[in-house]
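Have a look at the structure below, then the notes.
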Amino acid sequence: MSADPPFAETDGPEDGSSGSDGLSRRRFLGTLAIAAGAASIGTTFPPAHRRMTETIRELAEKHGNDPSLLIDLTKCVGCGACVMACKLDNHLEWREDQPAKGPDAALASSNWSVVQAEGRVGRDGESRYVKRQCMHCLEPSCASACFVKALRKSPEGPVLYDGNLCVGCRYCLMACPFSVPTFEWDKTFGRVDKCDFCFARTSKGEPSACAQACPVGAITFGHRASMLEEAWRRIGAEPQKYVPHVYGETEVGGTSMLYLSDVSFEKLGFRTGLPTDPIPSYEWKITRLIPSVAAGLGGTLVALYVRRRRLILEEEDAARTDEEVTA
Amino acid sequence: MSAHPTPWRRGRRQWTFHMTPVRYVLVLIVAITVALVVYRLVYGLGAPTNLSDRWPWALWTWWKLTGVALAGAGYSTALCVHFLGRERWRDVERGAFVVSLLGYLMVCTALILDLGQWYNAWHPLYSWGIHSAMFELYYCISAYTVVQIVEFLYIFEERVPVPRLRGVLKRIYVPLLFLGAILPVFHQSALCSLYVIAKGREDPLWWSLLLPVFAVMTSFYVGPAVVAIENLASHRIYGRPVHMRVLVEMVRISAGVMFVYLVLKIVDYGARGVLPELLGGSALGNVALLELGLGVLVPMVMFMSPRIRSSRSGMVVASMLTVLGVVANRFNIVITGMVASSGAGFYRPHWMEVFFVLGLGAAVGLIYLFIVENFPIYTETDVAVSAAVASEEKARLRAMEPSETRTSTHAGHPA
């Protein structure tokens, strides 16, 4: 590590090649950060675990002006107004078999956004509620996985889906590290569904339906860079309350949706331990090799084939001369 | 009607298909599967499967991965015959080719039926998501299937002469050979690269950046095992001679590749720090150990031992273990390794899903038999030996016939 990025106070596996090693180290550093935070409240921010790799910094800079949501789970009361607004704005069905709020809420073809109740997980013994929707990754794996480009990262920021291009292979469901895209299992010709971050609104700088509907100010809409700043400001202001982690800042290279919580994200059902490298980079590491591998393989095969032909011809020649000699 | 089905002989004009009790059962299974296909097309994917947003890919994906891997018998044999100069392998080449062709046709059928909007299956032709492993897979697998269908024309033309076709085929022979060797390497690898993107979801015991390399190696070393099973099965069905010398030569190459595969696997586990998980005695670790031990290590040792591999039973057992090892490996990639991250427990397939897998397998079996009985697949010597076995059998049956008729009149027609 020659050029230390300004944020980096510790190093990490920048290439992400050693997954589990990085994982355990990250967990260790996380504990360290919490310990350090407890010892010296509010003295050093960002804390040690905010390990910024070159990639993450570049991505954060590039997408600093993307529309973004800061979702503060400490404020959410689980009323479900955001879910209602989402359904109304996007003309989604209200289905009994697909609850959008409560303990059994799950993203589904008619639920682009849900509020999950997570039971009594708070330090105060209170319930916590988690609003879930597409994370709108800065480097989305679904878009990289889609082989017909039905999913793509728009220049404005939101990750968009075009059902007319889609073939319904569901590779995006496999690829998404947050398990966000869903499939219309009960339709004859199933498509994929997911939140489009109210593209019609957000591309004009207006807040998404959910952000506008939230009555308690748990959802803040703004540019990603300022949302990140705000998130760390809140953590800095009340370090004893918040977990010193902005979920979405570094996960898989960063997402447009950022979460704050006072309960560990793992307890709230968030997928933790995700790589900090954008996931598409893994697949691209392989697919970009195809042309050279094809060329190499082709060359080898030509050489082998030519050699074999020559051997066959030589054998035939030898046989012919033998015949001539005997004749 | 002869008592025994026989492979096609040069000069036989009429098309035949010898029905036996087993074949009637297979036909029934295929017929039911066709009905299930219609049901799936009308009611969508949710009705005949237990797929869900937690399990978007499961049993059918496993079957496709497995089918393509086993169909690797075709390209590995072709590679060895035409590029590595294993001339003697020509004796088993066409059999391997038919297995491969049918395997791919089966997988393509399953692929299309597994798409939500299957009528959009041509979209990748103009909308290119080149970063996706699925893109590579789509092009290579469809191109290779076309190549194999064209290759089948060489066999077809020997049976049904078509004017001027032979000239065309002769001219495109060499390019086809090359395509037939290169394309499979890419889609074999792409099939498992699909799971590279499931980083963080696929269990580290099966996830690796080397997944595409592992896929190519497994599909290559399983080829000879499939050829051996095909040869030994056709020996039972048709009395076709067992090409033991060729098989031994082939499985020795398998054993070499298996060795490299095992070493690479262990190095990969070590480099990613997964060895403790593998050897820690956890359920998943034991499954992975079992897969590598029983599915790779044991058959490898059997293939390396001259005494075991030259015995017919040794060859059968080792080949079966090799095939099952690859089947298990694909199962673990698609299902076992995804259980934890699915958050929905182990995948329990719908009975229709299972039946569908059976039906596709049954169809492949029936078509294989039809092709062998109507096209020149086996060598002339093979066919002659099979015919001799069949006529011997016929003579034996005829000798038994009077007594048989007598018992049947007694038992069958009491009146």
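The values are calculated or read from the model by the stated rules, or taken from the named source; none is laboratory data. None of these values were measured; they are calculated from a predicted model. Positions of Cβ are backbone-derived with ideal geometry, glycine not excepted, and every protein chain shown enters the neighbour counts.
What do you reckon, is A:E266 closer than 23 Å to A:F197 by Cα and assigned to a loop (DSSP other than H, G, I, E, B)? Steps first, please.
Values: closer than 23 Å to A:F197 by Cα: no; assigned to a loop (DSSP other than H, G, I, E, B): yes.
No: the conditions fail for A:E266.
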Legend entry - Among the residues listed as B:V242, B:V274, B:V251, B:V298, the single one being crowded, with 21+ Cβ neighbours inside 10 Å, within 30 Å of B:V98 (Cβ to Cβ) and out of contact with any Cys (no Cβ under 6 Å at 6 or more places or on another chain): B:V251
Legend entry - Only listed residue being away from every other protein chain (no Cβ under 11 Å), in contact with a Lys or Arg (Cβ under 6 Å, 6 or more places away or on another chain), touching a residue at least 24 places away in the same chain (Cβ under 8 Å) and not polar (S, T, N, Q), chosen from B:W8, B:W62: B:W62
Legend entry - Among residues of segment A:72-98, those that are within 15 Å of A:V115 (Cβ to Cβ) and touching a Ser or Thr at 6+ places or on another chain (Cβ under 8 Å), counted: 11
Inset, instruction - May I ask you to list the residues in segment A:253-283 that are surrounded by fewer than 19 Cβ atoms within 10 Å (Cβ to Cβ), on the phi < 0 side of the Ramachandran plot and facing chain B (nearest Cβ under 8 Å)? - result: A:R271
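Out of all the residues in segment B:17-59, which are more than 28 Å from A:S179 (Cβ to Cβ), part of a loop (DSSP other than H, G, I, E, B) and out of contact with any Ser or Thr (no Cβ under 9 Å at 6 or more places or on another chain)?
The answer is B:F17, B:M19, B:T20.
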Legend entry - From A:F189, A:F270, residue being without any contact (Cβ under 8 Å) to a residue 40 or more places away in the chain and of a type outside the set (D, E, K, R): A:F189
Inset, instruction - Select from segment B:24-62 the residues that are under 23 Å from B:V327 (Cβ atoms) and of a type in the set (S, T, N, Q) and write down the one among them that is surrounded by the fewest Cβ atoms within 10 Å (Cβ to Cβ). - result: B:N50
Inset, instruction - Would you please name the residue that is surrounded by the most Cβ atoms within 10 Å (Cβ to Cβ), looking only at residues in segment A:174-183 that are farther than 13 Å from B:A198 by Cα and more than 7 Å from every other protein chain (Cβ to nearest Cβ)? - result: A:P181
Legend entry - Residue list for segment A:191-212, restricted to those being among the hydrophobic types (A, V, I, L, M, F, W, C) and assigned to a helix (DSSP H, G or I): A:F199, A:A200, A:A209, A:C210, A:A211
Inset, instruction - Could you figure out which of (1) hydrophobic (A, V, I, L, M, F, W, C); (2) within 11 Å of another protein chain (Cβ to nearest Cβ); (3) surrounded by fewer than 23 Cβ atoms within 10 Å (Cβ to Cβ) isn't true of B:I172? - result: (2)
Legend entry - Qualifying residue in segment B:331-353 (condition: crowded, with 18+ Cβ neighbours inside 10 Å and touching a Cys at 6+ places or on another chain (Cβ under 8 Å)): yes
Legend entry - Options B:F186, B:F135: the member that is part of a helix (DSSP H, G or I), of a type outside the set (K, R), touching a Gly at 6+ places or on another chain (Cβ under 7 Å) and within 12 Å of chain A (Cβ to nearest Cβ): B:F135
Inset, instruction - Among what's in segment B:142-169 and is within 14 Å of chain A (Cβ to nearest Cβ) and of a type in the set (G, A, S), pick the residue that is farthest from B:H82 (Cα to Cα). - result: B:S142
Legend entry - Verdict on A:L301 being under 30 Å from B:L183 (Cβ atoms), out of contact with any strand residue (DSSP E or B) (no Cβ under 6 Å at 6 or more places or on another chain) and either part of a loop (DSSP other than H, G, I, E, B) or not assigned by TED's automatic domain parsing to the domain that holds A:E156 (or both): yes
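Looking only at segment A:308-316, decide whether some residue is in contact (Cβ under 8 Å) with a residue 12 or more places away in the chain and either loosely packed, with under 10 Cβ neighbours inside 10 Å or within 11 Å of chain B (Cβ to nearest Cβ) (or both).
no
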Inset, instruction - Just one of (1) among the charged types (D, E, K, R); (2) without any contact (Cβ under 8 Å) to a residue 60 or more places away in the chain; (3) facing chain A (nearest Cβ under 9 Å) trips up B:D114, so point out which. - result: (2)
Legend entry - Failed item, numbered, when A:K241 is tested on (1) in a helix (DSSP H, G or I); (2) surrounded by fewer than 18 Cβ atoms within 10 Å (Cβ to Cβ); (3) away from chain B (no Cβ under 14 Å): (1)
Inset, instruction - Determine, yes or no, whether B:V385 is more than 30 Å from B:V38 (Cβ to Cβ) and either crowded, with 18+ Cβ neighbours inside 10 Å or not assigned by TED's automatic domain parsing to the domain that holds B:R159 (or both). - result: yes
Inset, instruction - Considering only segment B:136-145, state which residues are surrounded by fewer than 22 Cβ atoms within 10 Å (Cβ to Cβ) and over 14 Å from B:G74 (Cβ atoms). - result: B:Y139, B:S142, B:A143
Legend entry - Number of the exception - B:M134 against (1) at pLDDT 90 or above; (2) aliphatic (A, V, I, L, M); (3) within 26 Å of A:A303 (Cα to Cα); (4) in contact with a Cys (Cβ under 9 Å, 6 or more places away or on another chain): (3)
Inset, instruction - Considering every residue within segment B:124-133, establish whether at least one is touching a residue at least 24 places away in the same chain (Cβ under 8 Å) and either buried (at least 23 other Cβ atoms within 10 Å of the Cβ) or over 30 Å from B:P376 (Cα atoms) (or both). - result: yes
Inset, instruction - Give the residue, chosen from A:L289, A:L297, that is more than 25 Å from the chain's Cα centre (by Cα), free of Cβ contacts under 8 Å to residues at least 60 places away in the same chain, surrounded by fewer than 23 Cβ atoms within 10 Å (Cβ to Cβ) and within 11 Å of chain B (Cβ to nearest Cβ). - result: A:L297
Inset, instruction - Those residues that are over 17 Å from A:H63 (Cβ atoms), crowded, with 22+ Cβ neighbours inside 10 Å and of a type in the set (G, A, S), I need them from segment A:130-173; list them, please. - result: A:A145, A:A150, A:G168
